[in-house]
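Contents: one structure, followed by commentary.
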Amino acid sequence: MNEKRAQLHAQLRAHAPLVVAYSGGVDSAYLLAEAHAILGPQVLGVIADSASLPRQALADALALAEQIGAHVEVVKTGELDNPDYASNPPNRCYFCKAELFTNLDALARERQFRALAYGENADDMKHERPGRKAATEFAVIAPLRDAGLTKAEIRELSRELGLPTADAPAQPCLSSRIPWGTPVTPAALDMIERGEARVRALGFRVFRVRHIVHEATAPVARVQVAPEEMPHLAAVGDELTAGLRAVGYAAVEIDPAGYRSPA
């Protein structure tokens, strides 16, 4: 792993000054921390702010960047204004990343940064990622992936650096809670965000509130909880249902299979 980390450092030095697409998640936080340690003021983290990013996640990401000591700026992105994104096709993430990289590319050119980087890791190559196509189109580098660093290794190295994201669960954008083909709207994202805040307040750590739209009623919340946390449902099930109804869901369904990360 030391050799991989050395390769990462070499890549970062070779592409300085550098803009890092930062979300506050496991991968981008580690990438930003390493880039800051190696490049100092020659790295700028940029976080995209839109309705698909929970307010708490934005606040947490900015607080973490301050802990790291890295300079981070927030840019507003408008992917929801793009019908190709809002219609929620299976390649929705392509349009999100294209919007992000369009903004980052303009910023980098204006301020004379040499390259853009994002937090794709070596494990991500096992899966089809629509956002990768956008990264290729904008020549965005993936230093973690190219150094061969896996998610488990990134978590271990993050732990060594004292990053609180070392053991953080994956937290994709709120739009991922809406089934393909169901339009992504600010109102739906707001319901999901408020609903998940209610679930989190009950002590759950790994979960999803799936936003299921029915023509005849208000949306239904389909709740998926990590299998190891499902016993807690017996104690708080009524409170969970009441909380989700309070944010506007017509009904609450508990997925008996629980939540598992995508393979």
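The values are calculated or read from the model by the stated rules, or taken from the named source; none is laboratory data. Only a predicted model underlies this, so the values are computations on that prediction, with no experimental measurement involved. Please note: Cβ atoms are built from the backbone with ideal geometry, for glycine as well, and neighbour counts cover all protein chains shown. With ligands, DNA and RNA removed, areas are computed over all heavy atoms of the protein, side chains included. Shrake-Rupley method; radii C 1.70, N 1.55, O 1.52, S 1.80 Å.
Scan region 204-240 residue by residue and report those that are in a helix (DSSP H, G or I) and exposed (fewer than 15 other Cβ atoms within 10 Å of the Cβ).
The answer is 227, 228, 231, 234, 235, 237, 238, 239.
Is it true that residue 18 is in contact with a His (Cβ under 7 Å, 6 or more places away or on another chain), of a type outside the set (Gly, Ala, Ser) and open to solvent by less than 20 Å² (accessible area, probe 1.4 Å)?
Against the criterion (in contact with a His (Cβ under 7 Å, 6 or more places away or on another chain), of a type outside the set (Gly, Ala, Ser) and open to solvent by less than 20 Å² (accessible area, probe 1.4 Å)), residue 18 does not qualify.
For residue 177, state whether it is under 21 Å from residue 25 (Cβ atoms) and of a type in the set (D, E, K, R).
It is true that residue 177 is under 21 Å from residue 25 (Cβ atoms) and of a type in the set (D, E, K, R).
Can you tell me which residue is nearest to residue 198 (Cα to Cα) among those in region 241-256 that are in contact (Cβ under 8 Å) with a residue 24 or more places away in the chain and open to solvent by 50 Å² or more (accessible area, probe 1.4 Å)?
Per the criteria, the residue is 246.
Name, by its number, the condition in (1) in contact with a Gly (Cβ under 6 Å, 6 or more places away or on another chain); (2) part of a helix (DSSP H, G or I); (3) open to solvent by less than 10 Å² (accessible area, probe 1.4 Å) that does not hold for residue 27.
Among (1) in contact with a Gly (Cβ under 6 Å, 6 or more places away or on another chain); (2) part of a helix (DSSP H, G or I); (3) open to solvent by less than 10 Å² (accessible area, probe 1.4 Å), residue 27 violates only (3).
Tell me, please, whether a residue that is closer than 16 Å to residue 189 by Cα, open to solvent by 40 Å² or more (accessible area, probe 1.4 Å) and of a type outside the set (Lys, Arg) can be found in region 54-69.
Yes: region 54-69 contains one or more residues that are closer than 16 Å to residue 189 by Cα, open to solvent by 40 Å² or more (accessible area, probe 1.4 Å) and of a type outside the set (Lys, Arg).
Across region 36-54, what is the total count of residues that are more than 17 Å from residue 104 (Cα to Cα) and either modelled with pLDDT under 95 or in contact with a Leu (Cβ under 9 Å, 6 or more places away or on another chain) (or both)?
7
Quick one: residue 8 ticks every box in (1) hydrophobic (A, V, I, L, M, F, W, C); (2) in contact (Cβ under 8 Å) with a residue 24 or more places away in the chain; (3) open to solvent by 10 Å² or more (accessible area, probe 1.4 Å); (4) farther than 13 Å from residue 118 by Cβ bar one, so which box is it?
Unmet for residue 8, out of (1) hydrophobic (A, V, I, L, M, F, W, C); (2) in contact (Cβ under 8 Å) with a residue 24 or more places away in the chain; (3) open to solvent by 10 Å² or more (accessible area, probe 1.4 Å); (4) farther than 13 Å from residue 118 by Cβ: (3).
Mind counting the residues in region 35-53 that are over 18 Å from residue 191 (Cβ atoms), open to solvent by 20 Å² or more (accessible area, probe 1.4 Å) and either among the hydroxyl-bearing types (Ser, Thr, Tyr) or not in a helix (DSSP H, G or I) (or both)?
Looking only at that region, the number is 1.
In region 171-188, is there at least one residue being farther than 26 Å from residue 131 by Cα and either open to solvent by 50 Å² or more (accessible area, probe 1.4 Å) or of a type in the set (S, T, N, Q) (or both)?
No, every residue in region 171-188 fails to be farther than 26 Å from residue 131 by Cα and either open to solvent by 50 Å² or more (accessible area, probe 1.4 Å) or of a type in the set (S, T, N, Q) (or both).
Please determine whether any residue of region 174-187 is in contact (Cβ under 8 Å) with a residue 24 or more places away in the chain, closer than 30 Å to residue 10 by Cα and within 17 Å of the chain's Cα centre (by Cα).
Scanning region 174-187 turns up no residue that is in contact (Cβ under 8 Å) with a residue 24 or more places away in the chain, closer than 30 Å to residue 10 by Cα and within 17 Å of the chain's Cα centre (by Cα).
Say whether the condition of being under 13 Å from the mean Cα position of the chain (by Cα) and under 16 Å from residue 77 (Cβ atoms) is met by at least one residue in region 31-45.
Checked region 31-45: no residue is under 13 Å from the mean Cα position of the chain (by Cα) and under 16 Å from residue 77 (Cβ atoms).
Tell me the helices (runs of 4 or more DSSP H) entirely within region 87-168 that contain at least 3 residues that are of a type in the set (A, V, I, L, M) and buried (at least 19 other Cβ atoms within 10 Å of the Cβ).
Counting at least 3 such residues, we get 92-111.
Among the numbered criteria (1) modelled with pLDDT under 95; (2) closer than 30 Å to residue 4 by Cα, which one does residue 161 miss?
(1)
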